[in-house]
1. Non-local amide H neighbours of GLY95 (under 5 Å, H modeled in plane, Pro and chain starts lacking H): which ones?
2. How would LEU15, LEU154, LEU106 line up by accessible area, probe 1.4 Å, largest first?
3. Just to confirm my numbers, what's the Cα centroid distance between the stretch 95-129 and the stretch 5-66 in Å?
4. Where does each of GLU268, GLU9, GLU231 land when they are ordered by accessible area, with a 1.4 Å probe and the largest first?
5. Would you work out if the stretch 121-169 is rounded, prolate or oblate? Take a ≥ b ≥ c from the square roots of the eigenvalues of the alpha-carbon gyration tensor; rounded if a/c is under 1.5, else prolate when a/b is larger than b/c, oblate otherwise.
6. Please state the shape class of the stretch 13-99: rounded when a/c is under 1.5, otherwise prolate if a/b exceeds b/c and oblate if not, all from the C-alpha gyration tensor.
7. Decide, for the stretch 67-169, between rounded, prolate and oblate: order the square roots of the alpha carbon gyration tensor eigenvalues as a ≥ b ≥ c, take rounded if a/c falls under 1.5, and otherwise choose prolate if a/b is larger than b/c, else oblate.
8. Just to make sure I understand: if all protein chains stay in place, what is the order of ILE62, ILE264 by accessible area at 1.4 Å, largest first?
Amino acid sequence: MKSAMAKDEEHYHILVVEDNIGDFVLIEEYLFDSLLNLNTKHAESFKAASNYLENAEYQFDIVFLDLSLPDKSGEELVLDIINRAVGIPVVVLTGFSNLEFGIRSLALGASDYLLKDDLSPAILYKSLLYNIQRVKFISELKESRSKFSDLFQLNPSPIIVYDLETLKVLDVNQATISKYGYTREELLSKNLFDFRPKEEADKLPQAEEGFWEKNISNDQRITRHIKKNGEIIDVEINPAIVKINSKDAGLVLVNDITENLKYIRKIEEQNDAFKEIAWVQSHVVRAPLARLLGLVNLLEVSEDEGESETNDLLEYIQAAALELDKIVRDINAKAEKISSRE
């Protein structure tokens, strides 16, 4: 707030639509009393006001509008000026005789109304600041809602908003429609139970109650959902609380992890196969190899003891070699089986 001595140093561009030159001069004086950098344009008719508002050269912060002009007045005037002053607050100036309509002009889209007989520098300045900030706030709120809507609809992951008490679906994004195969109308007729297979449905109430009692905002759960075509998918859900029309609602961000779990299961199966191969190599293969080495030593010792014993030893060596060959073949078969899963 400015002090009694200081003037507002912001730059303001104001359109005053007033056919009475005396009222215009008074309004301008009141504005200069509070504003240091003021640029005003005066329109004495609806046509002149329209020319200003439709000219891109002029960017007004606020419009002060008299209710009675030579070429237009009343409700038609208010509506036509508002339609041209897009994004600009319009403050209606009225006399006591038009007080009732001044109030009604708010329903038509006017930002405020002021009684001419009650005007003062303070009242005019207060109305100017309030209505400019109000329109700015509304514009920022609309932009914020638009950004939220874009983030909601364009998010690549399914998002489901639901009533915390009934678990009824309140809203979904496009990714939910694409993932589950339902139309938007079909999804809005469902509740959270409809997304769960029968064997999973009983777990939902307990899971919901447990989450909201803990109130853990980053809680993550893995469960299963069923699509319209009957396909069951593994999902990770990330729930949160949001405000919908000033009321708490639940929101779940759904991440389809079906393929991830399949991949993990495949890796686990491959690890089990590798463990089996490692055991075979360390225990089974070592035994015939040890026997072969022993037989070779015996050959070296007994090579002078006769051909018969040598032949027996060779048969033993051959049997051990065949055994080892079979083990190697089994190892290769397991390795090929692992490769075929990739």
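1. Here LYS116 satisfy the definition.
2. Details: LEU15 0, LEU154 135, LEU106 70 Å².
So, going from the largest accessible area down, we get LEU154, LEU106, LEU15.
3. For the stretch 95-129 versus the stretch 5-66, the Cα centre distance is 15 Å.
4. On the way: GLU268 105, GLU9 135, GLU231 80 Å².
From most exposed to least exposed: GLU9, GLU268, GLU231.
5. Values: a/c = 9.61, a/b = 2.56, b/c = 3.76.
Oblate is the answer for the stretch 121-169, as a/c is 1.5 or above yet b/c matches or exceeds a/b.
6. On the way: a/c = 1.67, a/b = 1.10, b/c = 1.52.
In terms of gyration-tensor shape, oblate.
7. Values: a/c = 2.73, a/b = 2.56, b/c = 1.07.
Prolate, since a/c reaches 1.5 and a/b exceeds b/c.
8. Details: ILE62 0, ILE264 80 Å².
Heavy-atom accessible area, descending, gives ILE264, ILE62.
The values are calculated or read from the model by the stated rules, or taken from the named source; none is laboratory data. Predicted model only: the values in this text are computed from it and were never measured. Ligands, DNA and RNA are excluded from the accessible area calculation, which covers all protein heavy atoms including side chains. Shrake-Rupley method; radii C 1.70, N 1.55, O 1.52, S 1.80 Å.
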